[in-house]
Amino acid sequence: MYGIGILKGLGVTLKHFVETYVDDFRWLGKRYYNEEAYAVRQGPKATGIFTVQYPEEKLIIPENFRYLPFILYEEKDDGSIEDRCTSCGICPKICPPQCIWIVRSNDPETGRPIPAPTEFFIDIDICMSCGLCAEYCPFDAIKMDHVFEIASYERMEHHILNKEQLSKPVSYYSSIQPKNFRREEEARVAKEAAKAAKKKEREAKKAAS
């Protein structure tokens, strides 16, 4: 009434405006390029401007943040790599916008399918980042990445990713999602131990008979 609310709002704006310069002086002009100052601004003691000054500053990405899929490969002790993906074809079928293409090939000697994709494509302009491909993959070969800075001027060259661009080592996955990786590894070890126990039990029964 009588413009008091407008004056109060302008007073809050003026307060933040002044505190921004005071805070800037406090950090000697480095409040946007200082990890300690950034932590203070993101906490309850923040004063002045609260806006994150991207790209100089970036919010911490949560572990379960998902953007684009990528495929994993194992790094062997001899320096070789082994794809986790077996080109089973579940991910293209489950993908809602149908943005995944897999090219399979057969062994020229046996004629049997090779359990690894010859080519793997994802159109990231179509991908809706739902994560269903990663959720339904029976081999834990697909995970969701934290990379979100993908702007470019050329769609065909930069936005249709091939197998080489999508492939990343398991060590990368463990670095961006350590808790999920640790949980999955524990489950995998338990599963392998259960299989070994059943095998040992079968061998014991066979020997006894």
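Given the options R41, R66, R112, R31, name the one that is under 30 Å from E154 (Cα atoms) and basic (K, R). So that I can check it myself, show each step before the final result.
Details: R41 fails: under 30 Å from E154 (Cα atoms); R112 fails: under 30 Å from E154 (Cα atoms); R31 fails: under 30 Å from E154 (Cα atoms).
Selected residue: R66, the only one of R41, R66, R112, R31 that is under 30 Å from E154 (Cα atoms) and basic (K, R).
Can you confirm whether the stretch 57-64 contains a residue that is modelled with pLDDT under 85 and among the β-branched types (V, I, T)?
Taking every residue of the stretch 57-64 in turn, at least one turns out to be modelled with pLDDT under 85 and among the β-branched types (V, I, T).
Yes or no: the stretch 70-83 includes at least one residue that is small (G, A, S) and within 25 Å of Y173 (Cβ to Cβ).
Yes, because at least one residue in the stretch 70-83 is small (G, A, S) and within 25 Å of Y173 (Cβ to Cβ).
Are any residues in the stretch 147-169 outside any helix (DSSP H, G or I) and surrounded by 14 or more Cβ atoms within 10 Å (Cβ to Cβ), and if so, which ones?
H159, I160, L161, S167, K168
Are any of the residues in the stretch 170-179 touching a Gly at 6+ places or on another chain (Cβ under 9 Å), surrounded by 15 or more Cβ atoms within 10 Å (Cβ to Cβ) and in contact (Cβ under 8 Å) with a residue 40 or more places away in the chain? Don't jump to the end; show me each part of the working.
Initially, the stretch 170-179 is screened for residues touching a Gly at 6+ places or on another chain (Cβ under 9 Å), giving none.
No, the stretch 170-179 contains no residue that is touching a Gly at 6+ places or on another chain (Cβ under 9 Å), surrounded by 15 or more Cβ atoms within 10 Å (Cβ to Cβ) and in contact (Cβ under 8 Å) with a residue 40 or more places away in the chain.
From the list E149, E186, E109, E154, exactly one residue is at pLDDT below 95 and within 16 Å of F65 (Cβ to Cβ). Which is it?
E149
Could you please find all residues in the stretch 64-78 being closer than 24 Å to Q177 by Cα and either exposed (fewer than 12 other Cβ atoms within 10 Å of the Cβ) or of a type in the set (G, A, S) (or both)?
Passing the criteria: N64, K76, D77.
If F139 satisfies all but one of (1) of a type in the set (F, W, Y); (2) closer than 25 Å to I61 by Cβ; (3) at pLDDT below 95; (4) in the same structural domain as I90 (by TED's automatic domain parsing), what's the number of the condition it fails?
(2)
The values are calculated or read from the model by the stated rules, or taken from the named source; none is laboratory data. Keep in mind it's a predicted model, so treat the numbers as computed, not measured. Every residue, glycine among them, receives a Cβ derived from its backbone with ideal geometry; neighbour counts consider all protein chains shown.
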